[in-house]
1. Look at ARG243 and say whether it is among the basic types (Lys, Arg), more than 22 Å from the chain's Cα centre (by Cα) and over 22 Å from ALA135 (Cβ atoms).
2. State yes or no: is LEU111 out of contact with any strand residue (DSSP E or B) (no Cβ under 7 Å at 6 or more places or on another chain) and of a type in the set (A, V, I, L, M, F, W, C)?
3. If we scan the stretch 267-287, do we find a residue that is more than 29 Å from ALA180 (Cβ to Cβ) and of a type in the set (A, V, I, L, M, F, W, C)?
4. Select from the stretch 73-101 the residues that are farther than 14 Å from ILE58 by Cβ and either more than 18 Å from the chain's Cα centre (by Cα) or of a type in the set (Lys, Arg) (or both) and list them in ascending order.
5. Hey, which of the helices (runs of 4 or more DSSP H) in the stretch 206-316, taking only ones fully inside, have at least 3 residues that are modelled with pLDDT under 95 and either assigned by TED's automatic domain parsing to the domain that holds CYS195 or touching a Pro at 6+ places or on another chain (Cβ under 9 Å) (or both)?
6. If TRP199 meets every condition in (1) out of contact with any Asp or Glu (no Cβ under 6 Å at 6 or more places or on another chain); (2) modelled with pLDDT of 95 or more; (3) more than 17 Å from GLY269 (Cα to Cα) apart from one, which number is that one?
7. Is there any pair linking a residue in the stretch 267-279 that is closer than 15 Å to ALA251 by Cα and without any contact (Cβ under 8 Å) to a residue 24 or more places away in the chain to one that is small (Gly, Ala, Ser) and buried (at least 17 other Cβ atoms within 10 Å of the Cβ), with Cβ under 7 Å and at least six apart or on different chains, and which?
8. Would you check if VAL69 is closer than 17 Å to GLY310 by Cβ and among the hydrophobic types (A, V, I, L, M, F, W, C)?
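The values are calculated or read from the model by the stated rules, or taken from the named source; none is laboratory data. All values reported here derive from a predicted model rather than from experimental measurement. Here the Cβ is made from the backbone with ideal geometry for all residues, glycine too, and neighbour counts use every protein chain on show.
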Amino acid sequence: MSPITRRPWRRYNGMLRLGVDLGGTKIEVAVLDAAGQFVFRERLPTPQGKYEGTVEAIASLVQRAETAVGGVDSIGIGTPGAISPRSGLIKNANSVVLNDKPLKQDIETRLNRSVAMANDANCLALSEARDGAAAGATSVFGVILGTGVGGALVFNGALIAGHNAIAGEWGHNPLPWPTADELPAPPCWCGKLGCTEQWLSGPAFARDYAQGAGRALSGAKSGADIITQAQAGDAAAIAALNRYTDRLARALAQVINLFDPEVIVLGGGMSNVAALYADVPLLWQPFVFSDAIDTRLVAPKFGDSSGVRGAAFLSS
C-alpha cells in the first residue's frame, strides 16, 4: 500500500493519532487526523516466527510514519492475544511467537515513548462502535474471522476488557451443538479440542474445503478462491460455505445467549463473504433462547481498515 503524503502536521489544527494493526500476515500503520481521516498508511509483511523481527518491523513503520507527517500525538497498537494483567506478557495469541513476550515494553523501549495496546478484535469493535457500522448502538460484539478467531465487547461506547483481559474470547470456546460429522473435534494450537477458531478461521475454512473436496491439504485454496468457486457453482465450494455458515450461526447464537448485543459486526477476511449477513441470522434462530431476535449482523463500514483505526483511537 502506497503511503498517503501530506504536509507536516503542525500546519493543521487538532491531534494526529497513529495506529498499528499487527496481523498474522501483515503489519499496517496508519495516521489519522482529528476528523478520523487517513493521512498516512503503509504495510509490511509480518516476519514469520521472528519476535525480534516483529518488534523491529513495528518500530520501523512507526518511525517512517512519523517522519512522513512530522510527528504524532499518540500511538496505539492492536495485537493478537492480550496483555496478561498478572505478568504483563502477551498471552493467548494465535501468532504464538508473541506469547510470553513483553511486547508492549519492548516496543516502548525501542521507540522511547509510551504506547497503548489492545487485542485486535477490541480495536475492530472500538472503530465500528465509534463511527462505523455499529455507531449509536448500546452494545456491540466485534468479531475477527481471519488467521484466528477473536471477539470483543463494547458497551455504551467503552471497551469491556474483563477482569482477566479475556472478555469476548469466543474463539476458544468449543463449537456449540456439534453434529455427528464434526466429532471427534479437531485439535487447537491452545491444547484443547474443537475450539471455534478451528472451524471458523480462514485457514480452517480452507482446510474444511480441501477435506470435503477430497484434495490434499497442501493444495487447499484461499478463502477468497473458495468463495469465487462457490459463486461459480462449484459443488464442493458451495458445500464448504454452507457448513461454514451453519457453524458461524451456532457460534454467534451462543454469544447472543451470553451477551445479547444490539449489533454484531464482522471483521477479518471472512467478513467479505456477503452471503453471511443474510443467511446467518436465519440459521441462528433455533439456537437463541428468545422468542424474537433483533440483533443485527453487519459488515464493517471501514473494512480491513477498522483494526488500525481502532488502534489509533486507543489513546483517545
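1. Details: among the basic types (Lys, Arg): yes; more than 22 Å from the chain's Cα centre (by Cα): no; over 22 Å from ALA135 (Cβ atoms): yes.
So ARG243 fails the test.
2. Values: out of contact with any strand residue (DSSP E or B) (no Cβ under 7 Å at 6 or more places or on another chain): yes; of a type in the set (A, V, I, L, M, F, W, C): yes.
Spelling it out, LEU111 is indeed out of contact with any strand residue (DSSP E or B) (no Cβ under 7 Å at 6 or more places or on another chain) and of a type in the set (A, V, I, L, M, F, W, C).
3. Looking through the stretch 267-287, at least one residue is more than 29 Å from ALA180 (Cβ to Cβ) and of a type in the set (A, V, I, L, M, F, W, C).
4. Residues satisfying the conditions are ASP73, SER74, SER84, PRO85, ARG86, SER87, GLY88, LEU89, LYS91, ASP100.
5. Details: elements: 223-231, 235-259, 275-283, 306-312.
Those helices (runs of 4 or more DSSP H) span 223-231, 235-259.
6. Of everything listed in (1) out of contact with any Asp or Glu (no Cβ under 6 Å at 6 or more places or on another chain); (2) modelled with pLDDT of 95 or more; (3) more than 17 Å from GLY269 (Cα to Cα), TRP199 misses just condition (3).
7. Pairs that qualify, where the first residue is closer than 15 Å to ALA251 by Cα and without any contact (Cβ under 8 Å) to a residue 24 or more places away in the chain and the partner is small (Gly, Ala, Ser) and buried (at least 17 other Cβ atoms within 10 Å of the Cβ), are TYR277/ALA299.
8. Values: closer than 17 Å to GLY310 by Cβ: no; among the hydrophobic types (A, V, I, L, M, F, W, C): yes.
So VAL69 fails the test.
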